[in-house]
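Have a look at the structure below, then the notes.
The values are calculated or read from the model by the stated rules, or taken from the named source; none is laboratory data. Predicted model only: the values in this text are computed from it and were never measured. For neighbour counting, all protein chains shown are included, and Cβ atoms are generated from backbone atoms with ideal geometry for every residue, glycine included.
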Ligand SMILES: [Zn+2]
């Protein structure tokens, strides 16, 4: 018997034909924990993005989840939303996780967005890179955000025809997603969407 990844209560698994055929993952969290997350399915548009879809709103349960997953580095928690992300992202679009700065990645030990996608069995293309911040050290955050780009295409990568979907954990002001979409569109992408786990105000 599995136990809930968040509160460790044992979970009785219902074996449906989907889980038996491994089309759907086993439930990873109990119903009580599940109820604490607020599903939203918000769809928005933005200057650089043809559509932004967010699955959940930001609340206390989500704040705790992110803290344990990202900052306490509990990588097993990547699978909590695997079924929802799989359903939303399966298809023919090219999926691009928002990259972390390489130094940040070493500090965090794993890329939280890539792990969400791996857990959801969604193949992704690692074609964007975060532009180094060393030279921007003296600039304020506002100055850095106003600069032309935060991301660039990795050397040797090229845009293919079709839809691109950027994936990030949280959508707050949209600055990160806009910068990433700009890098893809400047490289020739015509349709760029985004999917985020959480929409924060
Ligand atoms: Zn639980």
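Scanning region 166-178 for residues that are assigned to a helix (DSSP H, G or I) and in contact (Cβ under 8 Å) with a residue 60 or more places away in the chain yields a count of 3.
Looking only at region 179-201, count every residue that is part of a helix (DSSP H, G or I) and within 10 Å of residue 164 (Cβ to Cβ) and tell me the total. Count: 4. Screening region 119-147 for residues that are out of contact with any helix residue (DSSP H, G or I) (no Cβ under 7 Å at 6 or more places or on another chain), surrounded by 10 or more Cβ atoms within 10 Å (Cβ to Cβ) and not in a loop (DSSP other than H, G, I, E, B) and picking the one that is modelled with the lowest pLDDT gives 146. The sole residue among 41, 50 that is more than 16 Å from the ligand (Cβ to nearest atom), at pLDDT 90 or above and on the phi > 0 side of the Ramachandran plot is 41. Evaluate region 41-51: report whether one residue or more is under 16 Å from the mean Cα position of the chain (by Cα), under 17 Å from residue 170 (Cα atoms) and assigned to a loop (DSSP other than H, G, I, E, B). Scanning region 41-51, I find at least one residue that is under 16 Å from the mean Cα position of the chain (by Cα), under 17 Å from residue 170 (Cα atoms) and assigned to a loop (DSSP other than H, G, I, E, B), so the answer is yes. Here the condition is being under 17 Å from the mean Cα position of the chain (by Cα), under 23 Å from residue 86 (Cα atoms) and loosely packed, with under 15 Cβ neighbours inside 10 Å; of 176, 172, it holds for 172 alone.
Screening residue 190 against (1) at pLDDT 95 or above; (2) within 23 Å of residue 42 (Cα to Cα); (3) surrounded by 15 or more Cβ atoms within 10 Å (Cβ to Cβ) leaves a single unmet condition, (3). Inside region 74-110, residues that are surrounded by 18 or more Cβ atoms within 10 Å (Cβ to Cβ) and assigned to a loop (DSSP other than H, G, I, E, B) make up a count of 5.
Of the residues making up region 9-30, just one is modelled with pLDDT of 90 or more and either more than 8 Å from the ligand (Cβ to nearest atom) or more than 22 Å from residue 56 (Cβ to Cβ) (or both), namely 10.
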